[in-house]
Every structure is written in structure tokens, then in C-alpha cells.
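Report on the following structure.
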Amino acid sequence: FGSSNLAPPPRRRAASAEARAMKTPACRRSVLGLSLALGLFRDAAGRALVRGGTGHPVTKVISMMQELKAKAEEEGKVEEVAFGKFQHWCKNSLSTLSKAMKEGEEATEELQGKVDSGKKEIESLTGEIKELEEQLADHDVKAADAKAVRDEEKATYAQASADMKLTIAACGEAISALQASRPAGGFLDLSSSRARRALSQVAAVAGDRASDKLGEVLRAAQEPEEPRPKLIAGGDREAHVQKYSFKSGSVIEMLKELKQDFEDELVEADKAETNAENAYGLEKQAREEAISAAQASKTEKEDSKGAISGDVAAWKGELQGVTSDYAADKKAMADTETSCTTKAQEWKERSAIRAGEIEALRVASEILAKVTGVRTEAPENPALPPSPVALLQLVKGGSPVQKAIELLRGE
């Protein structure tokens with residue numbers, strides 16, 4: 001290739017301006033892209049010279065860079081749409097998880113309140129049931145004590161009643177015996193065995209209750225009978241019969257009074273026994289009703305306690321599930337926040353890198369177009385592009401672009 005075909009080198013001032021332009025942050029991040037563009041340019045220019053092509057080789061490089069720029073912009077738009085959807089998902093997910101956690105906190109508070117209230121009610125019912133059990137035990141003790149007293153009273157009454165009946169019968173027998181053996185003189189005759197036996201029986205059962213005179217008679221009746229003397233002559237019997245100074249009629253009246261006293265006492269004893277038995281029956285009935293009421297209340301409270309215990313167990317199960325769900329939601333929220341934050345940071349970094357790449361491709365295209373004089377758009381005054389040989393020599397001779405690349409690499 002002749003030197004006459006080479007285009008004159010650009011002015012140094014222009015080269016300095018290009019170097020300053022390539023020191024921008026976007027160009028600083030695009031050194032690799034620009035190096036690749038120059039490599040493509042060299043390759044395309046060499047092929048054009050070998051094949052004798054008429055088109056400017058840098059045109060394809062610029063077109064390729066513009067296509068890469070357009071593709072990067074399109075990918076950025078697609079990724080921006082995807083990232084927007086992801087942000088929407090993050091917002092909805094965090095909102096849903098936040099709502100679920102709030103509901104979980106409310107459910108936890110409600111269930112914990114139910115569990116605590118149920119426990120207190122169970123504790124209260126347990127105390128009430130214990131009191132009822134103590135009442136029932138007290139009723140049992142009182143019932144046993146009352147029955148023991150009643151049995152003792154009945155035994156005492158039975159014995160007293162029997163004694164009084166025996167005394168009444170003995171008095172009646174004595175009265176009958178004395179009336180049957182009353183002598184003509186009206187004085188008491190104790191020679192009759194029946195009278196003595198009847199009076200002895202009265203003395204045995206009621207001697208301490210008799211009056212002084214009756215007591216004397218009763219004591220005389222209890223004395224052993226003297227042996228009857230041998231009669232010497234007829235008519236001596238009256239002289240030998242043992243007589244007492246009081247008359248039998250007065251003794252009979254005293255026996256009748258004694259008998260009446262015992263009969264009255266027997267009636268009072270019967271009344272007292274009847275009243276005691278009635279009182280015991282009423283007390284027993286009231287106690288049985290109290291026992292029945294206490295037992296019914298105890299059963300009701302035990303049923304309530306069992307039902308509440310079942311509810312508390314169910315609430316605890318629900319609380320455990322809610323607590324587990326809340327923990328899972330909390331972890332999911334933390335993971336989602338981390339993921340969304342990480343991906344947002346990654347998106348920010350990728351967007352910055354992509355913007356730098358797009359800017360680098362734009363600047364590189366402008367630099368190539370400006371250095372080579374190639375227009376990617378139809379000029380108002382069309383002219384032939386510079387010779388490719390001149391461009392190759394420009395690159396070999398240390399073009400401003402190459403110097404700019406070296407400067408940027410040094411940066």
C-alpha cells in the first residue's frame with residue numbers, strides 16, 4: 001500500500017480533545033469494549049483490503065456496536081419490567097406476611113387469654129369441688145354421729161319403757177292381789193303369798209320411787225315370812241296372823257298412784273321418743289337433701305371442669321399451631337426482605353453496569369465515527385470515506401484512539 005494513499009494524520013489538538021473525552025467515568029468503564037471495537041475494526045479493515053471491498057470496514061463495527069447498544073437497552077427494558085413485577089411481588093408478599101403476622105399476634109393474644117381464663121376457671125372449680133367433697137364428708141360424719149345418738153336414745157327408751165311397763169304390770173298385779181286378800185278388819189295382811197310376791201316385785205322395780213309408807217310395806221313384803229306356830233286350840237288363828245297398823249285400802253291407793261305415775265311417765269317417754277324419732281327423721285331428710293344437692297353440684301362442676309379442660313387443651317393446640325405459623329411467617333418475611341433487598345441491590349448494580357456499557361458503546365461509536373470520518377447516517381453533503389489503508393497506518397502509527405485507550409488503561 002503506497003504512502004500517497006494514506007490520509008494525513010489528525011492534528012495533535014484534536015487527539016488531545018479525544019483523550020479528554022475518553023476520561024469520562026462511562027468511558028473509563030468501557031475500555032474493554034472499546035478495545036474490542038478496535039480489534040473488530042482492524043479485523044474488518046484487513047479483510048476489506050485483502051478482498052478489495054469498497055465499503056468502509058468501520059461501518060460494520062459501528063453498526064455492530066449500535067446493535068449491541070440497542071440490544072443492551074432492550075434487555076434493560078425487559079429486565080426493568082421483570083424487576084417491576086418482582087418489586088410488586090415483594091410489596092404484596094411483605095404486605096401479606098405483615099398482615100398474617102398481625103393476625104397471628106392477635107390470635108395468639110386471644111388464645112392465650114382463653115387458656116389463662118380457662119386455667120383460672122379450672123382452678124376455681126377445683127377449689128369448689130374440694131369444698132363440696134369436704135361438705136359431703138362432713139355430712140357423712142354428722143349422719144353417723146346422729147345415727148349413733150339416735151340408736152343410743154332408742155336403746156335407752158326401750159329399756160326405760162320396758163322397766164316402766166314391768167312396774168305398771170307389777171303394780172297392777174299387787175293391787176289385784178291385795179284386793180283379793182283384803183281381811184275383814186281392813187288392815188293389810190301379808191300372809192298371802194300372792195300379795196307378798198306381787199309387792200316384792202313392785203319393790204324390785206320401783207322401790208326407790210315409793211312413798212315412805214309404801215316403802216315400809218314393800219320392805220315388809222320382802223322380809224321372810226315367819227314360820228306359822230302350832231295351833232293349841234281352835235280359834236287361835238286370828239291371834240297368830242301378822243297384821244300391820246295401816247289399812248290395805250291405803251296401800252292399794254298408793255299402789256294405784258304409783259302405777260299412774262309410771263303410766264304417765266310411759267306416755268311422756270313415748271311422746272319424747274316419737275318426737276326424737278321425728279326430729280331425727282327430719283334432720284336425716286334435710287341432710288340427705290343437702291347431700292343430694294352437694295353431690296349434684298359436685299357432678300355439675302366436675303362436668304364443667306372436664307369440658308373446660310378439653311377446651312383449654314384445644315386452645316393450647318391452636319395456640320401451638322398459631323405460634324408455629326407466626327414463626328414461619330416471621331422467617332419468611334425476614335427471608336423475603338433479605339431477598340428483595342439483595343435483588344434490588346443487584347438490579348441497581350446491573351442497571352449501573354448496563355448504563356455504563358450503553359454509554360461506553362455510544363461514546364465508542366462516536367469516537368470511531370469521528371476518528372475515521374465514517375457517518376452512520378446519510379450526510380447532507382455526501383463524500384467518499386477515507387482509504388482503509390490510511391486507517392490501518394493510523395492505527396499502526398499510534399492513533400489518538402490508541403493513545404486514549406492506553407491512557408484509560410493507565411487510569
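Taking into account only those residues within the range 148-172 that are in contact with a helix residue (DSSP H, G or I) (Cβ under 9 Å, 6 or more places away or on another chain) and without any contact (Cβ under 8 Å) to a residue 24 or more places away in the chain, which is surrounded by the most Cβ atoms within 10 Å (Cβ to Cβ)? Among those residues, the one meeting the criterion is A169.
Residues in the range 114-129 that are farther than 11 Å from K316 by Cα and either of a type in the set (G, A, S) or touching a strand residue (DSSP E or B) at 6+ places or on another chain (Cβ under 7 Å) (or both): 3 in all. Evaluated against (1) under 30 Å from S365 (Cβ atoms); (2) hydrophobic (A, V, I, L, M, F, W, C); (3) surrounded by 12 or more Cβ atoms within 10 Å (Cβ to Cβ), I129 falls short on exactly one condition, (1).
Please tell me if A327 is out of contact with any Ser or Thr (no Cβ under 7 Å at 6 or more places or on another chain), of a type in the set (G, A, S) and over 30 Å from S98 (Cβ atoms). Considered against the rule, which asks whether it is out of contact with any Ser or Thr (no Cβ under 7 Å at 6 or more places or on another chain), of a type in the set (G, A, S) and over 30 Å from S98 (Cβ atoms), A327 comes out as no. Count of the range 328-358 residues, restricted to those that are polar (S, T, N, Q) and open to solvent by less than 80 Å² (accessible area, probe 1.4 Å), is 4.
Residue count for the range 258-299 satisfying the condition of being of a type outside the set (A, V, I, L, M), exposed (fewer than 14 other Cβ atoms within 10 Å of the Cβ) and farther than 30 Å from E152 by Cα: 1. Checking the structure you have, find out if any residue of the range 312-327 is small (G, A, S), closer than 30 Å to K60 by Cα and open to solvent by less than 70 Å² (accessible area, probe 1.4 Å). Scanning the range 312-327 turns up no residue that is small (G, A, S), closer than 30 Å to K60 by Cα and open to solvent by less than 70 Å² (accessible area, probe 1.4 Å).
Residues of the range 279-328 that are without any contact (Cβ under 8 Å) to a residue 60 or more places away in the chain and either over 30 Å from E131 (Cα atoms) or touching a strand residue (DSSP E or B) at 6+ places or on another chain (Cβ under 6 Å) (or both): G317, Q320, G321, S324, A327, A328. Assess whether K120 counts as being assigned to a helix (DSSP H, G or I), surrounded by fewer than 16 Cβ atoms within 10 Å (Cβ to Cβ) and under 19 Å from the mean Cα position of the chain (by Cα). So K120 fits the description; yes.
The values are calculated or read from the model by the stated rules, or taken from the named source; none is laboratory data. Just so it is clear, the structure is predicted and the values come from calculations on it, not from any experiment. Methodologically, a virtual Cβ is constructed for each residue, glycine included, from the backbone with ideal geometry; neighbour enumeration extends over all protein chains shown. We work out accessible area using only protein heavy atoms, side chains counted, and drop any ligands, DNA or RNA first. Shrake-Rupley method; radii C 1.70, N 1.55, O 1.52, S 1.80 Å.
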